[in-house]
Amino acid sequence: MDDWKPSPLIKPFGARKKRSWYLTWKYKLTNQRALRRFCQTGAVLFLLVTVIVNIKLILDTRRAISEASEDLEPEQDYDEALGRLEPPRRRGSGPRRVLDVEVYSSRSKVYVAVDGTTVLEDEAQEQGRGIHVIVLNQATGHVMAKRVFDTYSPHEDEAMVLFLNMVAPGRVLICTVKDEGSFHLKDTAKALLRSLGSQAGPALGWRDTWAFVGRKGGPVLGEKHSKSPALSSWGDPVLLKTDVPLSSAEEAECHWADTELNRRRRRFCSKVEGYGSVCSCKDPTPIEFSPDPLPDNKVLNVPVAVIAGNRPNYLYRMLRSLLSAQGVSPQMITVFIDGYYEEPMDVVALFGLRGIQHTPISIKNARVSQHYKASLTATFNLFPEAKFAVVLEEDLDIAVDFFSFLSQSIHLLEEDDSLYCISAWNDQGYEHTAEDPALLYRVETMPGLGWVLRKSLYKEELEPKWPTPEKLWDWDMWMRMPEQRRGRECVIPDVSRSYHFGIVGLNMNGYFHEAYFKKHKFNTVPGVQLRNVDSLKKDAYEVEVHRLLSEAEVLDHSKNPCEDSFLPDTEGHTYVAFIRMEKDDDFTTWTQLAKCLRIWDLDVRGNHRGLWRLFRKKNHFLVVGVPASPYSMKKPPSITPIFLESPPKEEGGPGAAEQT
Amino acid sequence: MGRRSSDTEEESRSKRKKKHRRRSSSSSSSDSRTYSRKKGGRRSRSKSRSWSRDLQPRSHSYDRRHRHRSSSSSSYGSRRKRSRSRSRGRGKSYRVQRSRSKSRTRRSDQDLGHVPIVKAVKGQVTEEHVVGLGIENDVKAEIRRKEKRKRIKNGSGLSKSKESRIGFDGTQWRAVKKFIMLTSSQNVPVFLIDPLILELINKNFEQVKNTSHASSTSECKFFCVPRDFTTFALQYQLWKNEEGWFRLAENMGFQCLKVESKDPRLDWIDSLSGTEIPLHYICKLTSHAIHLVVFHERSGNYLWHGHLRLKGHIDRKFVPFRKLQFGRYPGAFDRPELQQITVDGLDVLIPKDPMHFLEEIPHSRFIECRYKEARAFFQHYLDDNTVEAMTFQKRAKELLQLAAKTLKKLGVRFWLSSGTCLGWYRQCSIIPYSKDVDLGIFIQDYKSDIISAFQDAGLPLKHKFGKVEDSLELSFQGKDDVKLDIFFFYEETDHMWNGGTQAKTGKKFKYLFPKFTLCWTEFVDTKFRVPCETIEYIEANYGKTWKIPIKTWDWKRSPPNVSPNGVWPVSEWDEVIQLY
C-alpha cells in the first residue's frame, strides 16, 4: 500500500476522479491476498472477541440478577408493602464509610458539598444572610435539615438555639456564615456553639467568615475562621475540607418498640431533623392523638383539605393541633402540597395522612390561587359524596373544639342560602376585643383561615370562573369580590377557632404578624356549647340585632372613642356607639376607630349591614354606621355620629398598630 | 383417599419447599399452615358425603378442564402438570399462550399472569369470555358436572377419594373464617361479592335466611365449594386502619399481595400527584386466597374498582390470577345496600339485592376518560371560556343528568352517542357549540313509557321520527333550548345502525356502526355508558379526523357512515314524522 501513488494525471478531472479512486482501491484491495487474509483473520478475531464479551456480559447480568433477586426475595414474597416500608438498606457491601465534606464561607457566597455533591449553594444578593446550618445523617450522609438563621437580626439566634437543641446527638452539623452572622448572636447561642466544641463560633465577630463541621455531642471534625480586619470589610473567604467518618446505621437509630406508629416515626426520623421530641430516643412525643370523639358529629364525613407550601415545620405544628382536635377523622384529611417538596410529604407520612403534591403553575399569588383551585377540585373528586369541605392552611393552629364548633353550626349552610361560608376566624377577634366562645356573628366579609365551603357553591359558581393563572389575583380577595359573594355572608365565632401562627409566608413577615395576628384570641376551652345557633339565620339574625340594639346603652358620644374611658368599667353590659358612614362604602371613621382599637384596619372586616360587633372590657360593644346602616334608626335623635378623619389630623389612637 | 390426596400433599409440599427457598424466615407461617391443614382435614371428612349430593358450582375453568380431560385423571394432577409445563414454557411469548386460552383448550385457565387479554383477543369475545362467564356458564356446567359425578360415583374408587379430597379442603372455610374474624375485629366492613357464592346464596335465599347460626354449621354448603378464591369487597373510605389491618393479616398467617395505583379521581387535574390508592388485596392462607376488591367512591354516586395490573416484580404464580372474578378491567357498580346473613356458620355482609349485584357484574367494565389526550386537545385548540359556552355546558350537563335519572328509573340501558360521545372521548367535556345532547338506546330496550316518563320529568316530546320497527328517533325539548336526541339502534348480524328522517322530504337515512358493547364511564359527574369500542364508534360517525373540531356539521351529509335509505311512503308520514 505504501508504494501506491495516485496518478497525477487523473487529478484535474473531478468527475472521474472519484470513480477511479474507488476502482483503484477496489483493485488494490481485492488483489492483495495478504490484506484480504488479514481482513478475514481480523473479522474472525473480532467475532470471537464479541462472542466472548457477550458471554461474559450475559454471565455478569445473570449473576447480578440472581444477586438482586436474592436481595429482593423477602420483598418478592408478596408483601410488597412491607418491603417498601423499610428504608433501602444493603447489608454487607455498604457505601463508603467516609464522607468528604467541603464548606465555604464568604461575604457573598456560601456552599456545602458532600462527596462532591453540592447540597447548599447560596450566592444570591440580599438574601441568605446569617448562619447556614446543615444536618447530615451520620450513617448515610443524607441531608436531614437545611436552615438559615439570620443572626444579624434579633431573635434569630433564639430560633437557632431551639433548632440545634432539637437535633439528635450524633448527627453531623455543618455551619457556614454568609455576609454577617454575629450582630445578634447572643451569649446563649454562643454558649451552645461552645458546647458543640467550636472554637471560633463563640468568638464570632462582625463580618467574620466561619465554616464548621462537627458531630452533635461528639468531636469537632473541622473548623475554619477568618476575622474581619475592619468594620467596613469582611473576613477572607474560607474553604474547609474535611473527612467525616460515617457510623453504622444501628447507632444512628433509636430503639423504639416495633409498632406501626414507630415504623412511621423511624422512617421520618431517619430522613429529617429539627422536629424535636418526635425523634427523641428515650421519650418520643406521640404522633397519634386519639382525641375524644364528638357525640353526634355532623362533620365526621366532611373532607378536610389542608393547603400547604414548603413550610414543613409549620405543617407539622398544624397537623398536630388538627389531629388533637375533638371529632377529627384522619382519613378525611388530605394535605395538598404546592410543589414537589419532600419534607412536607414526610411530615404528612409521619402522621399517616394522605398527601398530594401539586406541580406549581404560575407565580406568586396566582400560584397560590391555582393551588387552591386544584386542591378544592381534587377534594370534591376524592369525596364525591361530600356536601362541604373544610379548608385549612398550614400555618394555623386548630382549636380543640374546632370540629365541635362546625358540627353545631354546619346545618346553617344547608338551610340558609344567604350564607357564603362558615369560618373559624374572626378578623376582629383580638384578645382585647373577643370574649364569648359561645357567640356567633354574621359578617359580610370572607375571613378564610379555617372555613367551610359548600360544594354547590364551588362547583356551580366558583370553579367555572376561578381566576386563570395569568390573572395574578389572590384567591381570597377574589372570593371577597361582590361578583362572587353576591351579598351572602359568613358565620364566624366571636372567639376564633383557629390561630394564625405563620410568620414566614408570601404575604407575611414578622412585623405584620406581630401587629395583626399575634394578639388574636384563640379558643382553648373544649366542648363549648354554642348559643342559639339558629338565630344566625338570615331573618332571625335581624330580630337578634334589633333586640340587641334596643337593649344597648348608648355611649357618651362626646368622649374620644379612642380613649379607654369611652367604655365604662362595667362587665356584661351592651353598649352602642354611632359613627359616621355616609354610604355603604364609606369606612373613613370605622378605619380610624379600628386603628385606635388596635384591631384589623387594613381593610374593612366583620361588618354586617353597617354594624360591627365586638367586646371591650368584657362588654358587648356595637358600632353602627350612620346613616348608611339600616340600624341607624336606632340612633336617638340627640346623638351626633362620631366622625374621625384620616391621619395626620387624627391624634391619639391611630397609628397604634404600627407602633406595636 | 388414595392418589388424589397424596397428589395434593405432594404438590403443597413442593410448594412449601419453594416457599422455603424464597422466604426462609417464614417458618411460623408454614407451621400454621400445617396446623390448619390437619384441622381442615378432620372436619371436612365428616362432611364429605353431603358434598357429592349437593349442587356444587365450580369455577368455570375447572369445569372446562373436566370436559376436556378423561374422567380418570384428577384435576389436581392436571394442575401439577400445568404448573410444570408453565415453568418450562416460561420464556414463550404471551401470544402463543393466549391464543391457546382463546381456543379453550384445557390449558385455557393457565396462570399466565395477568395480561390484559384485550390486546390479543379482539372484540366482544373478551367480554363474554372473561367477565360474563362468571355465572351462567357455571350453572349449566354444574348440571353437566353433576351428571358426570353421578357416573363416576357408581362403583369407582376414585369418586370416594374425590369426596374426601373435597371435604378435606376445609382450609378454604378456615381461610374465609379467619378473614372474616380479622375484618370484623378491626371493624372493616367487608362484604361478600363472590359471584359463585352470591349465586348460591341467592338461590337458597329463603333457606339461608331461616337457618339459625347453629344449624347452618352442620353443613358447609357455600364457602366449602372448592375454588381458588373467595371474593370480598370493601368501601375504601370506611377503612380506618389499613396498615394495621395488613399487618394483622400477616400475623394471622395470611400472605398478602397489595395492588396499588394512582388515583383516577385526580387524573383530570394534571398537576396533581398523590399517594397511590390500594385497588386489590389478595391474601392467601395455605391453598386458598381471599380476593379483597377495594371500592372507591366516585362522582356520580357509584363505586369504582381498579384494574388488577401486575407490576414487574410481582410473582405471577402467587395465585392463579387468571381465575380472578374481578380486576381484569376496572369496574363500576351501584353502591349496594348491605345486609348481614349467616352462611356456613359465618356472619357476612352481602348486597341486599344479590340478584341486582350479580346482574351488574358482566356489564361492569369501566373506561376512564382520556384526560391526558383531552388536555392535549385543549392545549391545541384552547377551551371556550365565554359565558355562552359555559352556560350551554351547564344546561347540557343538567339535561344529561336528568335524562340519566329518568332512564335509570325506567331501567332502560342507554349510552352517550354522536356529539356527546365525541365530546366525552375527545375532550372529556360537552362540546360547547353542539346544540343538543345525544343518547343511544338499543331498540330491544325500547319501552313505550319512555315518552311519558320524559314528559313527567319536564321534557316534552319535540318530534318523533320512524317507528319501533324502523329508524326510530325521539327528540325532547329540554329547558333553555337544549334538545335531547335519542337514537334507537338496530342490530344486524355484522353491524348496528340507527336511522334518520328528514322531516320536510320524508327521506330516510341510515347510519352504520360496527358492532359494539357497552362500558361505564364518568362524564359530567355522572356515571354513563359508552361504547367500549369507542374509537371504532367515533371513527364510523366522524371519520379519522374526529380530533379536529368542526363547527358546521350536516347530519345528512357530513357523517362518513351515512347512507340514503329511501323515502317513507307518504301514507305513513303521519306516523313516522311527528312534530310537536
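A short reminder: the numbers here are calculations on the coordinates, not readings from a lab. Everything numeric in this text was worked out from a predicted model, so none of it was measured. Ideal geometry is used to build each Cβ from the backbone, glycine not excepted, and the neighbour counts take in all protein chains shown.
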Please quote Rg/Rh for the range A:424-479 to two decimal places, taking the Kirkwood radius as Rh and restricting both calculations to Cα atoms. 1.07
Order by neighbour count: B:269, B:550, A:639, A:356, fewest other Cβ atoms within 10 Å first, most last. B:550, A:639, B:269, A:356
Averaged over its residues, how many other protein chain Cβ atoms are within 10 Å of peptide A:456-469's Cβ atoms? 1
Using the number of other C-beta atoms within 10 angstrom as an exposure proxy, rank A:44, B:412, A:103, A:452 with the fewest first. A:44, B:412, A:452, A:103
Given bins 10 angstrom wide, list per bin the percent of all Cα-Cα distances in the range B:371-579, short to long. 8, 35, 39, 16, 2, 0
Give me Rg over Rh for the range B:329-447, both radii from the alpha carbons and Rh done the Kirkwood way, two decimal places. 1.10
Convex hull volume per residue for the range B:413-530, taking Cα atoms only, in Å³: 120
Report ³J(HN,Hα) in whole Hz for each residue of the range B:323-335, in order, from the Karplus equation J = 6.51 cos²θ - 1.76 cosθ + 1.60 where θ = phi - 60°; Gly and Pro get x. 8, 5, 8, 10, x, 5, 10, x, x, 10, 9, 5, 5
Global form of the range B:215-339, assessed from the alpha-carbon gyration tensor, a/c cut-off 1.5: prolate
Can you give the alpha-carbon Rg of the range A:98-250 over 2.2 N^0.38 Å, where N counts its residues? 0.95
Counting just the Cα atoms, what span does chain A cover along each of its three principal axes? Round to the nearest Å and put the largest first. 127, 65, 61
Please state the shape class of the range B:404-479: rounded when a/c is under 1.5, otherwise prolate if a/b exceeds b/c and oblate if not, all from the C-alpha gyration tensor. prolate
If amide hydrogens are placed 1.01 Å from N in the peptide plane, which non-local residues have theirs closer than 5 Å to the one on residue B:298? B:304
Averaged across orientations, what area in nm² does the convex hull of the alpha carbons in the range A:432-515 project? 7.1
Between rounded, prolate and oblate, where does the range A:304-534 land on the alpha carbon gyration tensor, with a ≥ b ≥ c its root eigenvalues, rounded for a/c under 1.5, else prolate if a/b exceeds b/c? rounded
Per-residue HN-Hα couplings for the range A:157-170 [Karplus 6.51, -1.76, 1.60; θ = phi - 60°; Hz; x = Gly/Pro]: 5, 5, 4, 5, 4, 4, 5, 4, 5, 7, 5, 5, x, x
Based on Cα positions only, what radius of gyration and what Dmax would you give for the range B:492-576, in angstroms? 15.4, 45
Per residue Cα convex hull volume in Å³ - calculated over the range A:528-655: 121
In peptide B:270-280, what is the residue-averaged number of other protein chain Cβ atoms found within 10 Å of each Cβ? 5
How tilted is helix A:260-269 with respect to the longest principal axis of chain A? Cα atoms for both, answer in degrees (0 to 90, nearest 10). 70
